[in-house]
Amino acid sequence: MAEKLSCFVITGFSEKTDPATGRKLNMNLVFEKILKPVCDSFTDPPIDCFRTIDKLYTGTIDSFMYKWILNADIAIADISTLNPNAIYELGVRYALKPFSTIVISESNLLFPFDFNHIVIQKYVHGGNDIDPSEVAGFSTKLKGLIQSVIDRKKEEGEKSNDSPVYDFLSNDIFPPRKKTKKENKQSVAGWDNAVAKVMQKTEDSTFTDNLMAKVSQADMKKIAGTVDTPTGGTLIVSKKPLLQEMYEFAFDKIGMGKPAAIESLPFKNLFESIPPVNFANVSPLVNDLNDAVTDQKNKGMKSSEIKDLPAVAAILDQLKEKLNDEKLSLAGLIDRAEEKKNANSLREALAYFALAIERDANNRFIIQRIVLLTYKLQEPDERTALKLAESILLQYLKPDDLIDVETFGLAGAIYKRLAKYENEKENIAKSCKYYEKGFIVCNDYYNGINCAFMYLLSATKRKNQFDKVADYGIARKTWKTVVEICDRELQRIEKDQANKERIWVLQSKAQAVLALNEGKPDDQFNELVAQVTQLVTKFSAGTFIAQNNELISLLKEVEDLI
């Protein structure tokens with residue numbers, strides 16, 4: 001069998017918004033449904049397909065990222081939504097590697113001029129899903145492209161080229177050389193040679209790809225020696241967690257002082273809500289393996305024979321199981337956090353996101369989730385939680401400086417709730433502003449229905465008659481647009497009855513229809529409510545009814561004022 005190849009995927013993670021079209025795309029779907037399965041289907045040679053968040057590493061992610069960009073045998077760059085990180089990494093790849101880079105994007109992307117000379121393979125993305133027929137068709141196409149890259153590399157060797165940098169500057173620059181296999185053995189520095197050989201001979205990439213090349217045995221011992229173990233809680237490296245720094249900043253910002261961060265919820269005892277998650281939980285097994293291998297080595301046994309000994313094989317099996325269970329990669333931590341969030345285990349979700357941000361301190365998705373969970377937890381109380389979330393949002397996500405629809409939605413939600421406690425008119429105006437910005441950029445029903453509601457609420461607080469009429473007019477115009485958006489969405493997902501978004505589209509349309517009919521339920525509204533009740537799973541009928549009752553009350557108040 002040929003030596004395993006590596007395929008580094010350059011892409012955004014989770015949901016991203018295209019600033020030009022306002023479309024939201026779940027980028028994880030492309031990797032999970034197309035890229036990874038296609039690469040896994042190769043057996044000769046086998047291909048290890050991964051993103052930065054899929055690997056284990058210690059320290060800053062940047063050093064590993066650049067090595068993966070340089071050393072990967074194949075790179076697939078998905079530039080959908082023109083994600084700046086993906087564009088930058090593609091540029092680095094083109095500068096470092098003349099050949100074996102495949103560029104893909106979703107079909108509606110509006111390309112900048114500079115991309116006109118690059119071959120870009122297009123696929124159709126549905127936003128929250130990808131049609132099975134599209135998955136099958138593009139998978140077949142991609143498999144052919146990867147095979148052609150492998151074949152061409154064999155035929156042309158170092159002369160092969162698909163980088164525009166080397167097209168135009170071939171006589172002026174020379175690409176860096178990939179380390180030889182002998183040199184690459186340095187990646188296991190810090191491991192005893194016998195232990196390394198035993199682990200490498202397991203024919204399982206769990207060790208070589210996800211442990212040995214990323215964490216040395218010295219790192220293991222260092223981590224195991226510098227951890228705190230709260231009773232019943234997790235193992236956390238003793239340095240101050242980034243989430244603690246965030247909360248210290250936020251508590252200080254709202255006048256409660258930095259010490260309050262560790263003395264108060266939500267950070268207090270946060271990690272006691274989850275089981276141990278750390279390399280330190282693997283370290284004892286590595287030490288046991290080292291002792292067992294060293295003992296046999298001293299008796300003169302060869303490394304190739306040691307791995308088959310029952311005692312050694314048992315430790316190797318435990319190590320493999322532990323590594324898989326811990327899900328120490330960034331992707332594993334995020335997946336676990338999302339699972340807990342969706343199950344309404346909010347403190348556990350926050351704890352896993354706290355571990356995740358240690359791996360990628362500038363990851364906006366993780367910071368957005370931290371903000372969301374901070375105000376949703378309502379700890380130590382709702383008002384304080386909202387003020388903490390606001391402080392973190394303004395400091396780390398900067399909604400007034402950057403275009404980010406998810407951030408706009410968070411800001412709108414925070415100020416909507418804060419208006420109940422303080423600076424009512426000012427916070428209502430801020431909520432209107434952010435929901436409207438999100439609606440303008442994305443033209444989506446979520447920001448639209450919230451934007452309309454906040455303008456209706458604003459109308460009830462206005463003293464000037466003209467301002468009342470103006471705000472109410474904006475609300476009605478927005479409701480009409482929301483109905484149109486919902487109709488398009490329902491048509492798009494008509495055949496997909498299991499689509500998770502359906503219930504929220506129906507709810508938004510129902511609220512817009514009710515509002516446009518001045519709060520009087522009609523046949524269209526009743527039909528939409530009937531469809532909603534048929535889809536009840538985790539949906540709260542009580543919340544839906546409460547929202548509609550509040551809407552009716554505000555509409556009546558506005559009518560009386562106008």
Picking from LYS33, LYS16, the residue that is in a strand (DSSP E or B), closer than 30 Å to PHE408 by Cβ and not β-branched (Val, Ile, Thr) would be LYS16
Considering every residue within the stretch 129-149, establish whether at least one is loosely packed, with under 13 Cβ neighbours inside 10 Å and of a type in the set (Lys, Arg). no
Could you check ARG383 against (1) more than 25 Å from the chain's Cα centre (by Cα); (2) closer than 30 Å to ARG502 by Cβ; (3) in contact (Cβ under 8 Å) with a residue 24 or more places away in the chain and say which number it fails? (2)
Has the stretch 14-31 got at least one residue that is hydroxyl-bearing (Ser, Thr, Tyr), within 20 Å of GLN147 (Cα to Cα) and in the same structural domain as ILE120 (by TED's automatic domain parsing)? no
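Quick one: how many residues across the stretch 166-175 are among the hydrophobic types (A, V, I, L, M, F, W, C) and assigned to a helix (DSSP H, G or I)? Break it down into steps so the answer makes sense when it comes.
We begin by selecting, within the stretch 166-175, every residue among the hydrophobic types (A, V, I, L, M, F, W, C); these are 168-169, 173-174.
Now narrow it down to the ones that are assigned to a helix (DSSP H, G or I): 168-169.
Final tally of qualifying residues: 2.
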Restricting to the stretch 429-467, give me the number of residues that are buried (at least 24 other Cβ atoms within 10 Å of the Cβ), under 24 Å from the mean Cα position of the chain (by Cα) and aliphatic (A, V, I, L, M). 0
Checking TYR435 against (1) of a type outside the set (A, V, I, L, M); (2) farther than 25 Å from ARG502 by Cβ; (3) not assigned by TED's automatic domain parsing to the domain that holds CYS486, which test does it fail? (2)
Take LEU555 and decide whether it is farther than 30 Å from ALA343 by Cα and among the aliphatic types (A, V, I, L, M). yes
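Okay, residues lined up against (1) more than 26 Å from GLY126 (Cβ to Cβ); (2) modelled with pLDDT of 90 or more; (3) among the polar types (S, T, N, Q):
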site	(1), (2), (3)
PHE466	yes, yes, no
TRP479	no, yes, no
VAL482	no, yes, no
ARG488	no, yes, no
GLN497	no, no, yes
ARG502	no, no, no
LEU516	yes, yes, no
PHE525	yes, yes, no
ILE562	yes, no, no
Checking SER6 against (1) over 22 Å from the mean Cα position of the chain (by Cα); (2) surrounded by fewer than 17 Cβ atoms within 10 Å (Cβ to Cβ); (3) among the hydroxyl-bearing types (Ser, Thr, Tyr); (4) in a helix (DSSP H, G or I), which test does it fail? (4)
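Quick one: in the stretch 126-165, of everything that is hydroxyl-bearing (Ser, Thr, Tyr) and either within 24 Å of the chain's Cα centre (by Cα) or not in a helix (DSSP H, G or I) (or both), which residue is modelled with the lowest pLDDT? Spell out how you get there, then give the answer.
Residues of the stretch 126-165 hydroxyl-bearing (Ser, Thr, Tyr): 133, 139-140, 148, 160, 163.
Going one step further and asking which of them are either within 24 Å of the chain's Cα centre (by Cα) or not in a helix (DSSP H, G or I) (or both), we end up with 139, 160, 163.
Working: SER139: 97, SER160: 78, SER163: 89.
Looking at residues that are hydroxyl-bearing (Ser, Thr, Tyr) and either within 24 Å of the chain's Cα centre (by Cα) or not in a helix (DSSP H, G or I) (or both), I get SER160.
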Have a look at GLY257, GLY232 and point out the one that is at positive phi and at pLDDT 75 or above. GLY257
Give, as residue ranges, the helices (runs of 4 or more DSSP H) completely inside the stretch 323-399 that count at least 3 residues that are out of contact with any strand residue (DSSP E or B) (no Cβ under 7 Å at 6 or more places or on another chain) and over 23 Å from ALA260 (Cβ atoms). 330-342, 346-359, 364-377
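Could you check how many residues of the stretch 70-85 are over 15 Å from GLN121 (Cβ atoms), among the aliphatic types (A, V, I, L, M) and surrounded by 23 or more Cβ atoms within 10 Å (Cβ to Cβ)? Before you say what the answer is, go through the steps one by one.
Let us first name the residues in the stretch 70-85 that are over 15 Å from GLN121 (Cβ atoms), namely 70-73, 81-85.
Checking which are among the aliphatic types (A, V, I, L, M) leaves us with 70, 72, 82.
Applying the additional criterion that residues be surrounded by 23 or more Cβ atoms within 10 Å (Cβ to Cβ) yields 72.
Count: 1.
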Pairs needed: first member in the stretch 1-26, in contact (Cβ under 8 Å) with a residue 12 or more places away in the chain; second member anywhere, part of a loop (DSSP other than H, G, I, E, B) and of a type in the set (A, V, I, L, M, F, W, C); C-beta distance under 6 Å; at least 6 residues apart or different chains. SER6/ALA72; PHE8/ALA72; PRO19/ILE403; ALA20/LEU110
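Residue-wise test of (1) basic (Lys, Arg); (2) under 34 Å from the mean Cα position of the chain (by Cα).
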position: ARG492; (1), (2): yes, yes
position: LYS495; (1), (2): yes, yes
position: ASN499; (1), (2): no, yes
position: ILE503; (1), (2): no, yes
position: SER508; (1), (2): no, yes
position: LEU516; (1), (2): no, no
position: LYS520; (1), (2): yes, no
position: PHE525; (1), (2): no, no
position: GLN531; (1), (2): no, yes
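Outside any strand (DSSP E or B), crowded, with 19+ Cβ neighbours inside 10 Å, in contact with a Leu (Cβ under 8 Å, 6 or more places away or on another chain) and touching a residue at least 12 places away in the same chain (Cβ under 8 Å): is that true of ILE104 in this structure?
Numbers: outside any strand (DSSP E or B): no; crowded, with 19+ Cβ neighbours inside 10 Å: yes; in contact with a Leu (Cβ under 8 Å, 6 or more places away or on another chain): yes; touching a residue at least 12 places away in the same chain (Cβ under 8 Å): yes.
When the stated conditions are applied, ILE104 does not pass them.
The values are calculated or read from the model by the stated rules, or taken from the named source; none is laboratory data. Please read these numbers as outputs of a predicted model, since none were measured by experiment. Using ideal geometry, Cβ is built from the backbone for each residue, glycine included, and neighbour counts are taken over all protein chains shown.
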